[in-house]
Amino acid sequence: LIGKRVVITGVGVVSPLGDSPVRVHGSLSQGLSAIKPIQLFSTAGLGCPLGGEILDFDAAKYLGQRNLRPLDRTSRLVASAAQLALEDSGWSAEMRNTQEVGLVLGTMFCSVHTISEFDRRALEAGPTYASPMDFSNTVINAAAGQTAIVHNLRGVNTTISTGVTSGLEAISYAADLIRYGRAHALLAGGADELCFESFYGFERAGLLCRSHDSAGDFPIPFDMRRNGSALGEGAALLMLEDAMLARERGAHVLGEIKGHGSSYDCSRGRNSSDAVEAIGTAIRQALSDAFLLPHELDCLSASANGSQIGDRYEASGVFAGLNGQTRKLPVTAIKSMLGETLGASGPMQAVALLETMRDGVLPGIPQLKEVENAFPLEMAQSESQEADVTNGLINSIGLDGHCCSLILTRCDD
Amino acid sequence: MEQRIVITGIGVVTPIGIGCQEFWTNLLKGLSGIAPVQSFDTSDYNVHRGAEVKEFNAEEYLLNLDAAHLGRASQFAIAAARLALVDAGVEIGSLDRQRAGVSMGTTSGEPREVERFDDSYVSKNLDRIGPEFLALYPCHVIAAHVASELNLAGVNIMIPTACAAGNYAIARAFDVMRAGRADLMLAGGSDAFSRITFTGFARLGAVAPESCQPFDRFRKGMIPGEGAGVLVLESLNRARRRGARIYAEVAGYGLSCDAHHMTAAHPQGDGAQRAMKQALADSATRPEDVSYISAHGTGTQTNDRLETIAVKRLFKEAAYSIPISSVKSMLGHTMGAASAIEAAVCALAVSNDRVPPTINLNDPDPECDLDYVPNFAREMRVNVAMNNAYAFGGNNASLILRKRELLN
């Protein structure tokens, strides 16, 4: 059962480094970081004041003068990215009236801020003061549902929530629906917002980089001095289509989803060999799904975000998954600049990788000085490098044992 | 040739019984699980009843994880998963752990963890919240906990499509198996009774004061509930090889989105019809071959009326001869678990040739004029069952289960 080919015909991205693939990639290639002191909420008393925040985000810029009141920040991010992806792929409102377009969204929290505020209002003022409109946004599929309403997306509408891997899992899920003929055109990707509630959770879990005015203040994936990640936010969606139908309608093809794999580390990171094995398994599955061998990969877009343990597992897991063929593999880790955007992270990596395929520049990992000794990733470097990428591997690795890998392939047409 | 996928095990944790046997017996009896809410004080609300799971002891199901470090929805999910594996006669040690996975649905994940956060925030004691918040709250932990407890290293996925989530999770597991990515999948849904959910539905005016009366003229709304349902899915070949009992085949599914309103269904049931139609096409089923429909049937005025319209528009004349029941009349609305538990009901109906009743249906609504199996279970041939579920966000999912004897 191999199925139909699945191609990418458009991209929509809203991020702290810009709202177009070219802008985001340009910033990443220049080593510009989005990680700055957070303005969205107070970080007083917390160890880490930093995050990748979209300053002055205004959904009306993308969605016009429609009533945006029912949409919370996460829904606005998703609806905005959807608008951009629909425009980029040429799926007009008229076409959506006659043909079903769906949406598969990966998100870790959707909006824990909305959920928490709804509950706190009921606690403080009494349950009769809780807002029914806010209640409809407390479900974790709210952003996908709201976006479907805004853009008349009547096809499959699924929300996937597997933590950091949510977005890449969503792309895998959507690709399968198209491969096996269940859908023709799907927006797929992910989103998460920066908010106090999730930030506080990460802070208390000790996962965020400290800020003591020394090296390692910022997330430096794979570096000896790394001491944690920074949270980011954003939304990134790909328009996925059945390759044959995309060609028939004369769509511009940006790349192909060649294969994917998923596995789970039952020890949830407590046992290093289980963790490494799970990462390796997801990579091997993606390769076999894509009918590719390790040496046919031209670069790795790593999940690494500066986490002490996570980055170590990933380095070893990549080595295991590629049978040790990592010496000549160019590596990037864009969470060094965008922060950990959770559900949006995998799709952000996909957007950046498509740009790398186009212009041959693979972003570096700013501030990377000394890759931890045992790490077999010799081509991780601080500066951008030239890379002629036909097949690129994207990793997404979560905190709770979820591993997802996906292979993107350039389409020269 | 695509693999045929079958259900070989059922595990449920419900307000009317834990485990497949107790649940099915009580369901056919028409037992109600609705009672005064005990999870929290409802004195500030104008409604006070819910469908909670009673006498649940998580320790009975946990061999590896510690109940103190698990939210209630994770505990329910693990219990249902273990019960399903025992029911299927599957020894965990016999599985290739890389090829055994978990696909679960939920509405709220672990809402009590965020409620604890909110209590601490409001009382200005936020320092009480430690690393456990991130470890216990995000909804993906439900599927993660099931896999950790059972040592399953295959695909692990969480689909939070609200009140239709169980069907979505089963559908994903079905596709994962058909693509040959797993030998066995545990698929279902889980939700814990939640203050946030109760508050929200109460504010929408959707909660009934006393009982849940789907399709009755005087129905007053839904009753929030909790629970979990998990099915064991295997390929037909594997199930036959090991001589497993087969409840039913998962024959196909359909998903759609209303793209109309966050909380209200489309006025002509457009999305619901498209999901049912796709499910019929996917499973190569003619409308007149459907023996039984498990309704979403929440008991709200709007849902039951629109659901009836959708069934009538799609099935035409045949609609009047297909028995339809809503087990929510007994279980309340178990949220993300509901359609998983209802899929279990369909599997049991298909394998036992009995369908459960819609209780509290005494005065039929003239606008709801189909056969809702009022008040008493019915013995009848059930070849094909359709399981319908609808959710906030306009998410619709229909699943079709088919009798084992129809497998060739």
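The values are calculated or read from the model by the stated rules, or taken from the named source; none is laboratory data. Remember, predicted model here, so these are calculated numbers, not experimental data. Cβ placement follows ideal geometry from the backbone for every residue including glycine, while neighbour counts extend to all protein chains displayed. Ligands, DNA and RNA are stripped out before the accessible areas are found, and what is left, the full protein with its side chains, is counted by its heavy atoms. Shrake-Rupley method; radii C 1.70, N 1.55, O 1.52, S 1.80 Å.
Does residue A:158 fit the bill of being within 7 Å of chain B (Cβ to nearest Cβ) and assigned to a strand (DSSP E or B)? For residue A:158, the condition - within 7 Å of chain B (Cβ to nearest Cβ) and assigned to a strand (DSSP E or B) - is met. Determine whether region B:319-334 contains at least one residue that is among the hydrophobic types (A, V, I, L, M, F, W, C), in a helix (DSSP H, G or I) and more than 21 Å from the chain's Cα centre (by Cα). So far as region B:319-334 goes, yes, one or more of its residues are among the hydrophobic types (A, V, I, L, M, F, W, C), in a helix (DSSP H, G or I) and more than 21 Å from the chain's Cα centre (by Cα). Just to be sure before I move on: is residue B:298 touching a residue at least 24 places away in the same chain (Cβ under 8 Å), on the phi < 0 side of the Ramachandran plot and surrounded by fewer than 24 Cβ atoms within 10 Å (Cβ to Cβ) in the structure I sent? Criteria not met by residue B:298. Residue B:260 fulfils the conditions (1) at pLDDT below 95; (2) within 22 Å of the chain's Cα centre (by Cα) except for a single criterion, (2).
Among the residues examined, residue A:329 does not qualify as closer than 25 Å to residue A:386 by Cβ, crowded, with 24+ Cβ neighbours inside 10 Å and in contact with a strand residue (DSSP E or B) (Cβ under 6 Å, 6 or more places away or on another chain). Of the residues making up region A:367-382, those that are open to solvent by less than 30 Å² (accessible area, probe 1.4 Å) and within 17 Å of residue A:31 (Cβ to Cβ) are A:368, A:380.
Determine whether residue B:120 is among the small types (Gly, Ala, Ser) and either more than 21 Å from the chain's Cα centre (by Cα) or outside any helix (DSSP H, G or I) (or both). Criteria met by residue B:120. Of the residues that sit in region A:1-17 and are surrounded by 19 or more Cβ atoms within 10 Å (Cβ to Cβ) and among the small types (Gly, Ala, Ser), which one is farthest from residue B:182 (Cα to Cα)? By that ranking, first place goes to A:15. Taking region B:124-224 and the helices (runs of 4 or more DSSP H) fully enclosed by it, the elements with 2 or more residues that are open to solvent by 10 Å² or more (accessible area, probe 1.4 Å) and over 27 Å from residue B:283 (Cα atoms) are at B:132-136, B:195-203. Within this structure, residue A:226 fails the test of being more than 7 Å from chain B (Cβ to nearest Cβ), surrounded by fewer than 23 Cβ atoms within 10 Å (Cβ to Cβ) and touching a residue at least 24 places away in the same chain (Cβ under 8 Å). Scoring residue B:315 on the criteria (1) open to solvent by 10 Å² or more (accessible area, probe 1.4 Å); (2) free of Cβ contacts under 8 Å to residues at least 40 places away in the same chain; (3) on the phi < 0 side of the Ramachandran plot leaves a single failure, condition (1).
Quick one: which of A:180, A:200, A:173 is under 30 Å from residue A:226 (Cβ atoms) and facing chain B (nearest Cβ under 8 Å)?
Only one candidate qualifies: A:200.
Out of B:230, B:207, B:250, one residue alone is within 14 Å of chain A (Cβ to nearest Cβ) and either closer than 30 Å to residue B:90 by Cα or touching a residue at least 60 places away in the same chain (Cβ under 8 Å) (or both). It is B:207. Exactly one residue out of A:109, A:57 is within 15 Å of the chain's Cα centre (by Cα), among the aromatic types (Phe, Trp, Tyr) and within 24 Å of residue A:230 (Cβ to Cβ), and it is A:109.
Considering region B:113-123, the residues that are open to solvent by 10 Å² or more (accessible area, probe 1.4 Å) and not aliphatic (A, V, I, L, M) include one that is farthest from residue B:93 (Cα to Cα), namely B:123.
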